[in-house]
Amino acid sequence: MPVELAIIGGGLVGASLALALQAEAKRRDWRIKLIEPFTPGAGYQPSYDARSTALSFGTQQIYQQLGLWSAISARAEPITQIHVSDRGRFAAARLSAEAEGVPALGYVVENAWLGECLWQALDQTVVSWRSPAEVTRMEPEVDGYRLTLNDQSSMRCDLAILADGGRSGLREQLGIGISHTPYGQSALITNVSPADAHGGQAYERFTEDGPMAMLPLTDNRCAVIWTRVAADAERLLALTDREFLAELQQAFGYRLGALRQVGSRHLYPLALIEAQEQVRPHLVVLGNAAHSLHPIAGQGYNLSLRDTLALAQTLINSTAALGDFATLQRYLYAQQADQQLTVGFSDQVTRLFSSGEPVLAAGRNLGLLGLDLLPPAKRWFARQAMGLGTRAES
C-alpha cells in the first residue's frame, strides 16, 4: 500500500519528525509510515544502566513547541551548571543557568523514556508502524521511492526519510558518499553513583589521556562519557568494577566525593562522519546518517533535532508535491550554517581537548581562564552548549 511519507528508522529522530508533521499530515491526508527493526512502545522500564542523551536548552524549547515537554520533564534532570576544567592545571570555566537567564542549560534524559514519550504522543490515525521490519532495498522512481522490506514485501512512498543511523547500509547502497575522519579514540559509556549529590552540575574534564564528561541523571546517578585511545578503552572495559572505579576516580577527582557504584560499560569507536549528500529528489538523509559527531561536546542529537524541525517546517510551508527537490534543497540551504557551525565547534573542541601536546595544553588552559574572565566569550560558548549558536539573541 502506498504512503506519502516513509521514515526509515523509528528511533528518536524518526519519531520526532513524525510528531512534528502529524498535525499537518492529518490536515493534508498524508499517511506516515515508521519502519523500525525494534518494536517500540513496550513500556518504559527504569534501569540503572539506561543510556541517556543530553538535551540542550534549544532542544527543550523544540519539544515544548511540539507539546511533549511536560511528559519528558517527569524524568529529565536539569543541568544547572557546567564546570569545564583541565586536569593538573589551575584554569576552569563555569557556566550557569542563572547567569544565562534560563531555567537550565540543558537536561539529561534516558533514551528509553524519551522514546516512550514520543511513541505515546504519535497519532495512530496518521502515523503507523512496520516493526520489527527493515528496508533492504530502495529504488528511486519518477515520483518517489519503492522500498523492499526484509519479508520481501514492498511499498511505495512520495518521500523517503533515511534515519537509520551512522552506519547506514542503505546510504551506501544508494551511492551516497561520506567523509570519514577517525579520531583514533573510543568512548566508554556507563553510569555511576557518587557519594555526594550532583546538584544538577555537569563536568567536562580534560586529561592528557582524553576528555571525559560527567552528566547529572535522575536518582543521583551520573552518566559518564570517557574518551580514550582505542587500546586503553578496551583495557578499561575489561577491568573489574572496583578497578574501573579506582581509575575513574583518579582521572575525575573527588568533586562529587567517592564514586560508589558503576553500571555496565559500553564502548564505541569515534569518528566524524558526514554524508556528502543529504537531499535528493524524494529523499532526505537525517540524523546520524547525515552527520555523526564526537559525543563529548553533546551536540549530535541536538543538531539532528534542529534539522528535523527545520525539515518539518519546510514541508509544512511548501505547496509543492511532497518530495519536491527544490523544497528539500531549501531545507538544506537553511540548515547549512547551523550544521557547519555545530560540526566545526564539536570537532575543534574535541581536537583541542584531546591533545597531550604541551603547547596546546598550555593554550587551552589560558583559553579556559579567558573564557571564565571574559563575558562575551563565555556568552558565546554558553550559547553553543545550549544549542542556540545560530539563533538571534532573545
Task: Selection from Thr227, His180, Tyr203, by position along the positive dipole direction of the range 165-235 (Cβ) - done: His180
Open item on the list: So if each residue of separation counts as 0.36 nm, and I subtract the Cα-Cα distance between Gln336 and Gln348, what length gain in nm does that give?
Closed with: 2.5 nm
Open item on the list: Could you work out [θ]222 nm for the chain from helices alone, using -39500 (n - 2.57) per DSSP H run of at least four and dividing by all its residues? Round to the nearest 500 deg cm²/dmol.
Closed with: -11500 deg cm²/dmol
Open item on the list: Along each principal axis of its Cα atoms, how long is the chain end to end? Whole angstroms, biggest number first, please.
Closed with: 61, 44, 39
Open item on the list: Can you tell me what share of the DSSP beta bridges in the chain is antiparallel? A percent to the nearest 5 is fine.
Closed with: 75 percent
Open item on the list: Can you list residues from other chains, or at least 5 along the same chain, whose modelled amide H is less than 5 Å from the amide H of Ile79?
Closed with: Leu105, Gly106, Tyr107, Val108
- [ ] Give, as ranges by residue number, the residues of the range 267-285 whose backbone N falls under 18 Å from the point 7 Å along Cα→Cβ of Phe38.
- [x] 267-269
TODO: Any chance you could give the angle, 0 to 90 degrees and rounded to 10, that helix 300-317 forms with the longest Cα principal axis of the chain?
DONE: 30 degrees
Open item on the list: Run the simple label-point estimate for Asp196 and Gln329 please: 7 Å along Cα→C-beta, distance reported in nm.
Closed with: 5.7 nm
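May I ask you to sort Leu162, Leu309 by Cβ crowding, counting other Cβ atoms within 10 Å and putting the fewest first?
Starting with the residue having the fewest Cβ neighbours, the order is Leu309, Leu162.
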Open item on the list: Output the 0 to 90 degree angle, nearest 10, between the alpha-carbon long axis of helix 241-252 and the longest principal axis computed from the alpha carbons of the chain.
Closed with: 80 degrees
- [ ] Obtain the nm distance between the two label points defined at Thr319 and Asn150 by a simple spin-label model: each point lies 7 Å from its Cα along the Cα-to-C-beta direction.
- [x] 4.4 nm
Task: Separation of the Ala231 and Glu141 label points, Cα + 7 Å toward Cβ, nm - done: 5.4 nm
- [ ] Could you state the angle between the C-alpha long axis of helix 111-121 and the longest principal axis of the C-alpha atoms of the chain, as a value from 0 to 90 degrees rounded to the nearest 10?
- [x] 30 degrees
Task: Per-pair calculated FRET efficiency, R0 = 56 Å: Arg255 and Glu172 via Cβ, rounded to 0.05 - done: 0.80
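Where a number appears in this text, it was derived from the coordinates with a stated rule and is not lab data. Quantities reported herein were computed from a predicted structural model and do not represent experimental measurements. So basically every Cβ, Gly included, is an ideal-geometry build from the backbone, and we count neighbours across all protein chains shown.
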